[in-house]
Amino acid sequence: MVMDRSKDAVRENNVDYMTDERKMIQEVARDFTMKEVLPVANALDPVQGEIPMDLRRKMGEMGYFGIRIPEQYGGMGLGVFEYCLIAEELSRGWMSVASIIARSTGVMAVEGWPLEKRLELTSKAAKGEYLAAVSLSEPGAGSDLASVSCRAVLDGDEWVITGNKYWCTFADGADYISVLCRVEGDPDQPHLGLRSFIIEKPRGELPNGCKGSPIPKIGYFGWKTFELAFDECRIPRTNIVGADGSDGFKSTVNGLEVARAHTAARAIGLARGALEDAIAYSQERVQFKQPISDFQETRFKIARMATEIEAARQLMYHVATQLDNQQRLDKEAAMVKWFASEMAERVTSDALQIFGGAGYTKLHAIERYWRDARLTKIFEGTSEIQLRIVSDRILGKPTNRQK
Ligand SMILES: Cc1cc2nc3c(=O)[nH]c(=O)nc-3n(C[C@H](O)[C@H](O)[C@H](O)COP(=O)(O)OP(=O)(O)OC[C@H]3O[C@@H](n4cnc5c(N)ncnc54)[C@H](O)[C@@H]3O)c2cc1C
């Protein structure tokens, strides 16, 4: 058999992911980022400011909160691929802006609520007017989410939530907090006793029965990240995710596949921002009477950075395409999250190096890309947890670890 290696044959096999529509989506998002996001980030990140409501409103008008929400519910009706495409662009400006677009899905799964309520809130969410904070982690439960201890107890028509949570980003600014709680405790299968609950609250405040304070983090500015203490926080019995709430842990873990592709997109956006800034700086900065971009070490560094970014991007395109085809692929989602975030730390660090001393100041955005890239190796599952998932799929679980 003669293989047809023509360009068209390659395109028909979907190797080229970028349709004209996607190129346009990418260009529009890039333009929006450079005009609306980057200047705001450069002004507010150094003073640990928050994403302004005006920018959130503009993002809502662009449809960025509703990328994956079906058109009939007010969204754009697009897939994981476009979601990642836009997230990469927004992250090139400010990672927290690329993150907040992930806070608009979830209410359809609250099956105890009437359909009209769920549809109304989903269409508000598509405009960025009904957004979530997600509270999974606890002081004693990070990577090991099955060990969550914050409890929810049914009391008549209400759930009563008591316990401590940690690392809840956007707890104050969100319209509701999605909280992972324990309702039962089988020591042999701790993950089965978990459920997700929705705590509605006024924007700008913490819920009744919940106190908290911001954690002094070193980056990811644009919103605050809280430690929370729930003390008999009461919510209606219907505010539970799933028909009978039976899929608390499973739905959390399944959702992580898209979240990991989205985190890869954010990491790639940060790395690309750092690369583009480093290229521009290297062509302006003169030493030994020549631009530093003439030195072979700088040139090769830039070549390596660009290659690493492209490799991560192509893996992300593959994973996003498979997720859009409804494939379960926890191994590949873990691979791209690990690969892109490790890449982003290396590339942003190399970019900072190209800036020399100027890179180690707050006068250029490069330090922000570097700080934020560091976080992509930690949240949505650490690098080590991604490698654990990948190696478990390749080798099977170690014999001394049953679950
Ligand atoms: C700025 C920021 C914002 C965040 N926002 C949110 C949020 O909005 N909502 C939320 O729920 N959480 C959030 N998180 C929490 C984040 O998801 C956790 O930090 C992350 O899952 C890791 O948990 P941990 O910090 O407890 O680390 P640990 O789980 O204590 O891990 C410590 C170290 O041990 C390693 N380790 C742990 N288990 C294993 C293992 N089995 N094999 C090998 N190594 C292992 C880890 O990789 C890591 O290096 C946020 C975190 C940060 C820093």
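Scan the range 361-371 for residues that are in a helix (DSSP H, G or I) and either among the basic types (Lys, Arg) or out of contact with any Phe, Trp or Tyr (no Cβ under 6 Å at 6 or more places or on another chain) (or both) and jot them down.
Initial filter on the range 361-371 (in a helix (DSSP H, G or I)): 366-371.
If the condition is that a residue be in a helix (DSSP H, G or I) and either among the basic types (Lys, Arg) or out of contact with any Phe, Trp or Tyr (no Cβ under 6 Å at 6 or more places or on another chain) (or both), then Glu367, Arg368, Tyr369, Trp370, Arg371 are the ones that fit.
Filtered by the rule that a residue be farther than 16 Å from Ala340 by Cβ and of a type in the set (A, V, I, L, M, F, W, C), the range 361-393 gives Leu363, Ala365, Ile366. Against the list (1) over 22 Å from the mean Cα position of the chain (by Cα); (2) within 16 Å of the ligand (Cβ to nearest atom), the condition Trp159 fails is (2).
Restricting attention to the range 181-191, does a residue exist that is touching a Pro at 6+ places or on another chain (Cβ under 6 Å) and surrounded by 23 or more Cβ atoms within 10 Å (Cβ to Cβ)? Talk me through it step by step, then tell me what you get.
To start, the set of residues in the range 181-191 that are touching a Pro at 6+ places or on another chain (Cβ under 6 Å) comprises none.
No.
Between a first residue in the range 137-148 that is within 14 Å of Ile378 (Cβ to Cβ) and assigned by TED's automatic domain parsing to the domain that holds Tyr166 and a second residue that is acidic (Asp, Glu) and near the ligand (Cβ under 8 Å from one of its atoms), which pairs have beta carbons less than 9 Å apart while being 6 or more apart in sequence or on different chains? Note: pairs meeting the criteria are Ser143/Glu384. Of the numbered criteria (1) more than 16 Å from the ligand (Cβ to nearest atom); (2) hydrophobic (A, V, I, L, M, F, W, C); (3) closer than 23 Å to Arg266 by Cα, the one Leu192 fails is (3). Restricting to helices (runs of 4 or more DSSP H) lying wholly in the range 1-58: which have 2 or more residues that are modelled with pLDDT of 95 or more? The qualifying helices (runs of 4 or more DSSP H) are 20-32, 38-44. May I ask you to verify whether Lys201 is away from the ligand (no atom under 15 Å from the Cβ), surrounded by 19 or more Cβ atoms within 10 Å (Cβ to Cβ) and among the charged types (D, E, K, R)? Taking the combined requirement at face value, the residue satisfies it.
From Ala133, Ala141, Ala125, Ala171, grab the single residue that is under 30 Å from Asp20 (Cα atoms) and either surrounded by 24 or more Cβ atoms within 10 Å (Cβ to Cβ) or within 12 Å of the ligand (Cβ to nearest atom) (or both). First the steps, then the outcome.
Values: Ala133 fails: under 30 Å from Asp20 (Cα atoms); Ala141 fails: under 30 Å from Asp20 (Cα atoms); Ala171 fails: under 30 Å from Asp20 (Cα atoms).
Going through Ala133, Ala141, Ala125, Ala171 in turn, just one is under 30 Å from Asp20 (Cα atoms) and either surrounded by 24 or more Cβ atoms within 10 Å (Cβ to Cβ) or within 12 Å of the ligand (Cβ to nearest atom) (or both): Ala125.
Taking the stated definitions as given, is Ser178 of a type in the set (Gly, Ala, Ser), in contact with a Gly (Cβ under 9 Å, 6 or more places away or on another chain), closer than 30 Å to Gly77 by Cβ and near the ligand (Cβ under 10 Å from one of its atoms)? Criteria met by Ser178. I'd like to know if the range 93-106 contains one or more residues that are within 27 Å of Arg328 (Cα to Cα) and outside any helix (DSSP H, G or I). For the range 93-106, residues within 27 Å of Arg328 (Cα to Cα) and outside any helix (DSSP H, G or I): present.
Of the residues making up the range 287-310, those that are of a type in the set (Gly, Ala, Ser) and surrounded by 14 or more Cβ atoms within 10 Å (Cβ to Cβ) are Ser293, Ala306.
The values are calculated or read from the model by the stated rules, or taken from the named source; none is laboratory data. Everything quoted here is computed from the prediction, not taken from an experiment. So basically every Cβ, Gly included, is an ideal-geometry build from the backbone, and we count neighbours across all protein chains shown.
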